[in-house]
Amino acid sequence: MNSKGPINNFICKNIRQIRVGKGIKVLDIAKKTGIPASSYSCLEWGRYKLNLDNLFRILHAIGAEITDVWPMADNRSGERVTNEQIERILRKSEELRPPEVSVDDYIGTVCRISGIERMDRAVARNSKQIREAQVMAAIIVKDIPQITLTSLSHRLDVNISSLSHRTRRMLLQARHDEALRMKIDQMRREVLSQVQGEALRKAS
């Protein structure tokens, strides 16, 4: 889903900055607001339009006021901001938007790092390495706001319930397996770095 407008993007960017600055996790916001974590991430990146009901629920959850995120007032003096100032702020907001990432680019990056050529269902049946790469991709995809688990499972031709189950199982195992936890973290860092780098190269 495309951006819903510069004002929406500006507000959502401010919300994200406040949340991150306070060290509040997305899952904590999801629990407090009743908004699914994946949907909340999309809201923060401006992919979904933020309605007033969700806005005030989120503001309450992060301990912020409407004046902390709304672009039409200067919070320090109470004076209205000029149109030129607003335009400058919004342009900066657009510059900070994450680069576009396609599901194919994401899958290709995970495959390269995992040392495999493909990881769709047709080649995964008899390969533990490929099945593990699928789960790694499912774990990390939550950090890519442009891609959902649904779109990933569809592209891999994998049942989403099965993939979700395997993902939960690996995450539970990682709680008690430091080596696996470090492997997941290392994979996440490499994938995010390469995916974002590739997206920026395409955009330039």
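The values are calculated or read from the model by the stated rules, or taken from the named source; none is laboratory data. Quantities reported herein were computed from a predicted structural model and do not represent experimental measurements. We place every Cβ from the backbone using ideal geometry, glycine too, and count neighbours over all the protein chains shown.
Restricting segment 155-191 to residues that are among the small types (Gly, Ala, Ser) and surrounded by 13 or more Cβ atoms within 10 Å (Cβ to Cβ) leaves a set whose member that is farthest from the chain's Cα centre (by Cα) is 174. Taking first residues from segment 92-113 that are within 21 Å of residue 41 (Cα to Cα) and partners that are modelled with pLDDT of 90 or more and in a loop (DSSP other than H, G, I, E, B), the Cβ contacts under 8 Å between residues at least 6 apart in sequence or on separate chains come to 107/119. Among the residues examined, residue 54 qualifies as more than 21 Å from residue 147 (Cα to Cα), modelled with pLDDT of 80 or more and either surrounded by fewer than 15 Cβ atoms within 10 Å (Cβ to Cβ) or not assigned by TED's automatic domain parsing to the domain that holds residue 143 (or both). Within segment 138-153, which residues are under 16 Å from residue 110 (Cα atoms) and without any contact (Cβ under 8 Å) to a residue 40 or more places away in the chain? Hits for segment 138-153 are 138, 141, 153. Go through segment 115-157 and give me each residue that's polar (S, T, N, Q), more than 21 Å from residue 26 (Cα to Cα) and assigned to a loop (DSSP other than H, G, I, E, B). If the condition is that a residue be polar (S, T, N, Q), more than 21 Å from residue 26 (Cα to Cα) and assigned to a loop (DSSP other than H, G, I, E, B), then 126, 127 are the ones that fit. With respect to (1) at pLDDT below 90; (2) surrounded by fewer than 18 Cβ atoms within 10 Å (Cβ to Cβ); (3) not polar (S, T, N, Q); (4) not in a helix (DSSP H, G or I), the lone exception for residue 101 is condition (2). Can residue 194 be described as part of a loop (DSSP other than H, G, I, E, B), touching a residue at least 60 places away in the same chain (Cβ under 8 Å) and within 16 Å of the chain's Cα centre (by Cα)? It is false that residue 194 is part of a loop (DSSP other than H, G, I, E, B), touching a residue at least 60 places away in the same chain (Cβ under 8 Å) and within 16 Å of the chain's Cα centre (by Cα). If the condition is being touching a helix residue (DSSP H, G or I) at 6+ places or on another chain (Cβ under 8 Å) and in a loop (DSSP other than H, G, I, E, B), then segment 30-55 contributes 34, 35, 36, 45, 46, 48, 49, 50. Restricting segment 155-204 to residues that are in contact with a Pro (Cβ under 8 Å, 6 or more places away or on another chain) and among the hydrophobic types (A, V, I, L, M, F, W, C) leaves a set whose member that is nearest to residue 120 (Cα to Cα) is 199.
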